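The values are calculated or read from the model by the stated rules, or taken from the named source; none is laboratory data. As the structure is a computational prediction, the values presented were derived from the model and not from experiment. Here the Cβ positions follow ideal geometry from the backbone for every residue, glycine too, while neighbour counts run over all protein chains shown. Note: accessible area is taken over every heavy atom of the protein model, side chains too, but ligands, DNA and RNA are not part of it. Shrake-Rupley method; radii C 1.70, N 1.55, O 1.52, S 1.80 Å.
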Amino acid sequence: MRLLNLFLMVTVVAAVATTTGCEKMGTDDPEFTLRWGVVDNHLEAGFRSSLTLVNHGSEPLRGDWTIFFNFLRVVDSESVTPPLAIDHVNGDLYRLTPRAGLEELASGGSVTVEFLAQAWAVSVTDGPAGAYLVRGDAQSGAALITPVDIEIEPFVSERQTDRGPNDNRPVLTPELEFRRNLSVPTLEAADIVPVTPTPLSITQLDGEVELASGVPVSVAAGLEKEGEMLARQFAERLSIHNVRQARPSEEPLVRLSVTDASVEGIAGEAYTLTVSPNDGIRIVGAGRAGVFYGIQTLISLVTPADYGNGRAVVSAVRIEDAPRFGYRGMHLDVARNFQSKASVLKLLDLMAYYKLNRFHFHLTDDEGWRLEIDGLPELTSVGAFRGHTTTERDHLIPSFGSGPWPDPQLSNGSGYYTRSDFIEILRYARERHIEVIPEIDVPGHARAAIVAMKARHDRLLEEGDEAAAMRFLLTHPDDQSTYQSVQHWNDNVIDVCMPSTYDFLRHVIADVVGMYEEAGARLTTIHTGGDEVPIGVWEGSPACDALSESEGDLDLPSLFVERIHAIVAEHGLTTAGWEEVALRISADHTVKEPDPARLGKGIRPYVWNSIWGAGSESLAYELANAGFEIVLSSASNLYFDLAYAKHPDEPGYYWAGYVEAKKPFELEPYDLYRSGKENLMGNPIAPSRYANMEKLTDEGRSNILGIQGQLWGENAKGVEIMEYLAFPRMIVLAERAWAKRPEWSERQTMAERDAGLDQAWAEFANRLGARELPKLDKYAGGVKYRIPPPGALISEGIMQANVAHPGLTIRYTLDDSSPGPTSPVYEGPVEVSGPVRLRTFDTRDRGSREVRVDVASQ
């Protein structure tokens, strides 16, 4: 699997070479390969894998060399078999070196080692990434860097595809997919809801209205921006141009207005839409946002076939609509892997189309700081770039396969938003009635900031300004604390006892607020992270020792929440964070319970760690019942960085289970426990497990502000994989956030509930395949959503196939070749005598992962 474009590497500008302090070795073919494979996951603890280094070069590999690579799991260095050694550097970065006795690796030769690591590995995502070889004096920087190809060996046996002997979730085979898809029959167009998310009520009327270029529009005072948006979206999505203000003597075809009457809705988001052959199109909102959402619904009513045609026919209808939740959020992490401004703007457009109204922008983390801050240039000049380094004076070390060169053209690990970029993003979101919630993740997940401020400190010391150097330092130079974060960092937590920490936060937050003011954008909340602070932090901090001596024993996590909340409150804003910010957590992390002391301060927790079967399923209800306003962010259903399905080639993590497109659909915020029927290993959860867990009270129900999908960035390496992970799951999220409580969720028995859920999902899955995904094909050059592979079954010489989202096209071949855009279309059972290969295709001839079935295997 080629991870780096060698041609681009050898044409990198000289400035990058200067930054790395290393010479790049150009070559047309990979000189070295690392081949990794899983040996056995069925061990008492951890798993065993193999690593083979192959020398394809014409010369032996000898002397002083090191291969660096990123690897998700914690390697037991003592278990590595000779003649190589594997040692942990920091985070997910490891180094591979020769042991004594391996004098050289001959041209054409290879060497293999085996080692143990924690947990398990069942997919390509789990393998090593971003490998490169350094020869020469790596410590001084006078080194030669050579990219190293990585190959992942196939996962074929159960001991390779199971997460241990208790894993009862099977690998997704074509036959299994076929049987699952049987519950999703293909529906007629008349049986599919024409608008997503589903409105409160739809009444079909007689007739239709035709839209074409030059359509006259009447826009009420105060709705000028919405009128501009109508014209822009007509042009961009329907190719209907020259939308104009109706002349005084002319009857407008489209009217936009706001009602003075009492309309059910949240913050003016309700609307009515009437399409009538006699009266034209009328959109009446409870406020500007309601009018905007009415426009989205009008565009949604247009069939995919009319998108981009320059004319569209809309069936007559009356729609009354309002959202269920006021908070309908989508989160994007750009710290782990950067996403361009254009990618963010495109995502905002799609959020608005599906009526999502909160964009949670995760801008900082251990692996990157992505926002330019006035007066602190190192935050981006150092903290926004990753590459090979022994000092981190100029950039961070590689993570998530970002490779050795800190060039955004070569690595998804590097990049940042200038102030003008960010202000443009804020204005773009404002026009679409989306509030951007910035996240500055502290006190953990802060390594990029820590390293950047250390570089600033060192620069100012060299300039002789010691006072300025100390002002924004985030860790004490003499801190001897020992810890390791969940992501294996040993230095990623800021020192909460140093005054300079709060000077830094005050400066950053004030500058962020200033950018919102310049953009004229609404800002109500700053998300401060607060999650996953490891055991052992601050135990060796001289600053914390001094503070304890002067003020006695302190609850340092609570101290930090108090102080950062005070900084946020200075700007009249709400302090939000992940669930930990509302919890009292014992020193050993075994007890976590709502902290009433934080309730009165209006702290807003985003509850994420309610993983089915893990023991914390009740946390959301505990916090809501205690009085905290919460945002449901449940990992088991709403983490879109997790893999869609258990298959070695499906990208994404799976630590909280697999999140297929149906998962957000089946989550019912007011009845969570009945949503969790299996644990992450695919084992059934008995309903009795939830019998003694806290039930949601009426007051607690009013404290659930809404729900949010999370797209963490570890595996979102570029816009294509980001969109693959986000869609169609974000569309399903929008349905659950906007549409009224589903009828199936209130049925008494689980059998009745499940039957209703399956029926409702069948309709929505048809909606995706027949209407929503074809529209995404025609939007802004197309969205690279996940195309589900087909299900297929051969029985008695007859092949049958189906797809998870009916409306997509299945193509197949009978000669064992890979199906392409011109291969036969599957339209019904086919008589076969040998292997069949199949793929699902969208309207752009983009294909899914290929599947293969054979008569002999049935």
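Structure notes:
- Accessible surface of segment 507-645 [probe 1.4 Å, protein heavy atoms]: carbon and sulfur percent: 49
- Accessible surface of segment 188-318, 1.4 Å probe, proportion on carbon and sulfur as whole %: 48
- Heavy-atom accessible surface of segment 434-528, averaged per residue, reaches 36 Å², computed with a 1.4 Å probe.
- Between Val825 and Ser586, the distance separating the two model label sites (each 7 Å from Cα on the Cα→Cβ line) works out to 6.3 nm.
- Of the complete DSSP H runs in the chain, those spanning 27 angstrom or more by Cα along the long axis with a mean Kyte-Doolittle score not below -0.5 are 499-519.
- Calculated P(r) tail over 22 Å for segment 179-295, as whole % of Cα pairs: 41
- Accessible surface of segment 54-122, 1.4 Å probe: 48 percent of it comes from carbon and sulfur atoms.
- Full extension of the chain between Arg846 and Glu424 gives 148.7 nm of extra length, using 0.36 nm per residue less the Cα-Cα distance.
- The eigenvalues of the Cα gyration tensor, multiplied by 5 and square-rooted, give segment 253-337 an equivalent ellipsoid with semi-axes of 26, 21, 9 Å from largest to smallest.
- Between the entries (i) 240; (ii) 176; (iii) 186, the label attached to volume of the Cα convex hull per residue in Å³ calculated for this structure is (iii).
- In this structure, Glu158 and Asp816 have a Cβ-Cβ separation that, at R0 = 25 Å, corresponds to a calculated FRET efficiency of about 0.45.
- Residue-normalised accessible area of segment 78-223, expressed per residue, 1.4 Å probe, Å²: 45
- Rounded to the nearest 20 debye, the dipole size of segment 803-858 about its Cα centre is 260 debye, using +1 on the Cβ of Lys and Arg and -1 on the Cβ of Asp and Glu.
- Extension gain from Ala45 to Leu554, taking 0.36 nm per residue of separation minus the Cα-Cα distance: 179.5 nm
- In nm, spacing of pseudo-spin labels at Thr186 and Ser257 (7 Å Cα→C-beta vector): 4.5
- Placing unit charges on the Cβ atoms of the charged side chains and taking the dipole of the chain about its Cα centre, the candidate lying farthest along the positive direction among Pro277, Asn679, Ile810 is Pro277.
- The distance between label points at Thr391 and Ala686 comes to 6.3 nm (points 7 Å beyond Cα on the Cα→Cβ vector).
- Pairwise FRET efficiency - Lys740 versus Glu570, Cβ, R0 = 41 Å, nearest 0.05: 0.55
- In a DSSP loop and with at most 12 other Cβ atoms within 10 Å, the chymotrypsin sites (Phe, Trp or Tyr not before Pro) in segment 642-721 are Tyr670.
- For segment 641-683, there are no residues whose amide N sits under 11 Å from a probe point set 7 Å from the Cα of Gln759 along the beta carbon direction.
- Positive-end residue, the chain charge dipole about Cα centroid, Cβ charges, pick of Ala716, Pro819, Leu599: Pro819
- Only helices enter this figure: runs of n ≥ 4 DSSP H residues, each worth -39500 (n - 2.57), summed and divided by the residues of the chain, yield -7000 deg cm²/dmol at 222 nm to the nearest 500.
- Extension reserve of the Asn309-Thr97 stretch, reckoned as 0.36 nm per residue once the Cα distance is removed: 70.3 nm
- FRET efficiency for Val832 and Asn166, using Cβ-Cβ distance with R0 set to 25 Å, rounded to 0.05: 0.10
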